[in-house]
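Data first, discussion second: the structure below is written as structure tokens.
The values are calculated or read from the model by the stated rules, or taken from the named source; none is laboratory data. Note that the structure is predicted; figures quoted are calculated from it, not measured. Cβ atoms come from the backbone with ideal geometry, glycine included; neighbour counts cover every protein chain shown. Quick note on the areas: whole protein, heavy atoms, side chains included, nothing else; ligands and nucleic acids left out. Shrake-Rupley method; radii C 1.70, N 1.55, O 1.52, S 1.80 Å.
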Protein chains: 2
Amino acid sequence: LVKGYYPYTGILGHEFVGEVVEAQDASWIGRRVVGEINVVCHRCEQCRNGRPTHCENRTVLGIVRRDGTFAEYTQLPLTNLHRVPDSLPDELAVFTEPLAAALEIQQQIQIKPADRVLVVGAGRLGQLIAQTLALTGCDLRVVARHVRQQELVRARGLKVLSEEEIQPWRWDVVVEATGSPDGFSLARQAVRPRGTLVMKSTYQGEMSVNFSSIVVDEINIVGSRCGPFEPALRLMESRQVDPTVLISDEFKLDEALKAFERAAQPGVLKVLVEI
Amino acid sequence: LVKGYYPYTGILGHEFVGEVVEAQDASWIGRRVVGEINVVCHRCEQCRNGRPTHCENRTVLGIVRRDGTFAEYTQLPLTNLHRVPDSLPDELAVFTEPLAAALEIQQQIQIKPADRVLVVGAGRLGQLIAQTLALTGCDLRVVARHVRQQELVRARGLKVLSEEEIQPWRWDVVVEATGSPDGFSLARQAVRPRGTLVMKSTYQGEMSVNFSSIVVDEINIVGSRCGPFEPALRLMESRQVDPTVLISDEFKLDEALKAFERAAQPGVLKVLVEI
């Protein structure tokens, strides 16, 4: 967003944990909360058919026509909020949104324990996806380019695969989490006939793809973004996933520009900003 | 294939009905048969995992390293053959292969009776797809460009939609059966968030696609080709589908070049060649 690939202007920030200081329903005041980022109309065809994250009139926190959370205060409808269990420190709770996005994969497709699953890309989202997919017992490999990423994968007891080691045409499910055409190409080659390619990142501009081979191999491509918050909170409460390993640094809000610089450095995954 | 988009040289033809004149198991001799076009190894990973049409060592009748059926005689393993019921005339049985390809859609995804389904393209395969999808009771529309195609759709009691009438972001399932980037673009715009886009035709070269929007809308893209023969035979035996309406002309084998010319004329759908 900072680089301008999407025409948003306003306050950035959509992953947060905060405290309610004002609300029509006073019982919320003082509660520690996380919040879903899509603010929806409840009336359009998507909302009425159980797809509120696809609301045709939505604003999105820090992304589409709605100021985000790098600020002293932010606003969301109460229906967007989820209470954070007391046992969950802020450093965990702040990961609810991206962890929910990782879990969206399993809202969309079934990962079977015997599946061979490849995650291409081990950045912020790739790491969370690897942690959640590992819980299925599936035969999981993670393609991690950078040493720090590889270390994090291995520290969870998971297996790293180099790009050269990827066997083509072999993986039941491949998750593309790099956001680059190279990553897509790797993922496409890895997936087996009738396998599923989950696309978890967005791409700048258009991408040139051989669709004939996708038809011939009967590949299933699934676009995937925002996911369910409550399961994310549950998995952190039970400590079955631990996103805090991604935290590289923390800054106060008045040093937020430094936080952005730090976040842009190679090998840095998550940087927290505290108000 | 005649235009050379795929590097095949050899005898063309992969949709046929014929009589067995020679076989190791003599009980097949004299039988009227249709045949699956993929000749497979039964040993590779795909075959062993129940995906023989994706055999890594396959030859394909009239398409990949195997002479096809525009000939007095052709050869296939007995395991590829299906007996044609006596009640099924040759003019129906010859459609088993493309009708099976149409049915592959329902092998891959569930079409619900209340689904809104759009078929983009009403050529040979689009017509068969429309006939089979209509059997589900779904709310079906067919985008047919040419008058003859529109007539055929309406003659089945089905509804035609013009390109201008397609509501964007509305259809639960959209089947792309044009094989053109324009058709893909139409289909992509029509499918609703979290809807399914079935790709039923191949494309020349690469196609440029906005994958970010596919991620944001969480679209499911499913490549689809060869399908099950027995259901195709059953649906024709019970006359629940009638592919014979597609037949524009018939030629003898020694006039096969004329048959190709005729098949290339606008509005002509199927041309049969009789040995």
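Going by the structure shown, is A:ASP139 over 19 Å from A:ARG156 (Cα atoms) and open to solvent by 10 Å² or more (accessible area, probe 1.4 Å)? Step through it out loud before you land on a result.
On the way: over 19 Å from A:ARG156 (Cα atoms): no; open to solvent by 10 Å² or more (accessible area, probe 1.4 Å): yes.
No; evaluated as a whole, the condition is false for this residue.
Consider A:THR79 carefully, then state whether it is touching a helix residue (DSSP H, G or I) at 6+ places or on another chain (Cβ under 7 Å) and of a type in the set (S, T, N, Q). Step through it out loud before you land on a result.
Details: touching a helix residue (DSSP H, G or I) at 6+ places or on another chain (Cβ under 7 Å): no; of a type in the set (S, T, N, Q): yes.
Spelling it out, it is not the case that A:THR79 is touching a helix residue (DSSP H, G or I) at 6+ places or on another chain (Cβ under 7 Å) and of a type in the set (S, T, N, Q).
Sort through A:ARG234, A:ARG192 and tell me the only one that's closer than 19 Å to A:VAL120 by Cα and basic (Lys, Arg). Step through it out loud before you land on a result.
Details: A:ARG234 fails: closer than 19 Å to A:VAL120 by Cα.
Going through A:ARG234, A:ARG192 in turn, just one is closer than 19 Å to A:VAL120 by Cα and basic (Lys, Arg): A:ARG192.
Out of all the residues in the range B:228-249, which are surrounded by 14 or more Cβ atoms within 10 Å (Cβ to Cβ), out of contact with any Ser or Thr (no Cβ under 9 Å at 6 or more places or on another chain) and not in a helix (DSSP H, G or I)?
B:PRO228, B:ASP242, B:ILE247, B:SER248, B:ASP249
Only residues in the range A:216-244 that are within 21 Å of A:VAL34 (Cα to Cα) count as the first member; pair them with residues that are open to solvent by 30 Å² or more (accessible area, probe 1.4 Å) and hydroxyl-bearing (Ser, Thr, Tyr), Cβ under 8 angstrom, at least 6 apart or cross-chain, and list the lot.
Partner pairs satisfying both residue conditions: A:GLU237/A:SER87.
Looking only at helices (runs of 4 or more DSSP H) that lie completely in the range B:36-129, which have at least 1 residues being open to solvent by 10 Å² or more (accessible area, probe 1.4 Å) and in contact (Cβ under 8 Å) with a residue 60 or more places away in the chain? Working first, answer last.
Working: elements: B:45-48, B:90-93, B:96-108.
Result: B:90-93, B:96-108.
From B:ILE37, B:ILE63, B:ILE29, grab the single residue that is farther than 30 Å from B:GLN167 by Cα, more than 19 Å from the chain's Cα centre (by Cα) and β-branched (Val, Ile, Thr). Full working, then the answer.
On the way: B:ILE37 fails: more than 19 Å from the chain's Cα centre (by Cα); B:ILE63 fails: more than 19 Å from the chain's Cα centre (by Cα).
Selected residue: B:ILE29, the only one of B:ILE37, B:ILE63, B:ILE29 that is farther than 30 Å from B:GLN167 by Cα, more than 19 Å from the chain's Cα centre (by Cα) and β-branched (Val, Ile, Thr).
Are there any strands (runs of 3 or more DSSP E) wholly within the range B:142-218 with 1 or more residues that are open to solvent by 60 Å² or more (accessible area, probe 1.4 Å) and within 12 Å of chain A (Cβ to nearest Cβ), and if so which? Give the derivation first.
On the way: elements: B:159-161, B:171-176, B:191-199, B:207-209.
Filter on the range B:142-218 gives B:191-199, B:207-209.
Can you tell me which residue among A:ARG262, A:ARG225 is among the basic types (Lys, Arg), closer than 28 Å to A:THR53 by Cα and open to solvent by 10 Å² or more (accessible area, probe 1.4 Å)? Steps first, please.
Working: A:ARG262 fails: closer than 28 Å to A:THR53 by Cα.
Result of the check over A:ARG262, A:ARG225: A:ARG225.
Going through the range A:17-35 one residue at a time, which ones are open to solvent by less than 50 Å² (accessible area, probe 1.4 Å), at negative phi and out of contact with any helix residue (DSSP H, G or I) (no Cβ under 8 Å at 6 or more places or on another chain)?
Residues of the range A:17-35 that are open to solvent by less than 50 Å² (accessible area, probe 1.4 Å), as a first pass: A:17-18, A:20, A:23, A:28, A:30, A:33-35.
Filter again for at negative phi, leaving A:17-18, A:20, A:23, A:28, A:33-35.
Within the range A:17-35, A:GLY18, A:VAL33 qualify.
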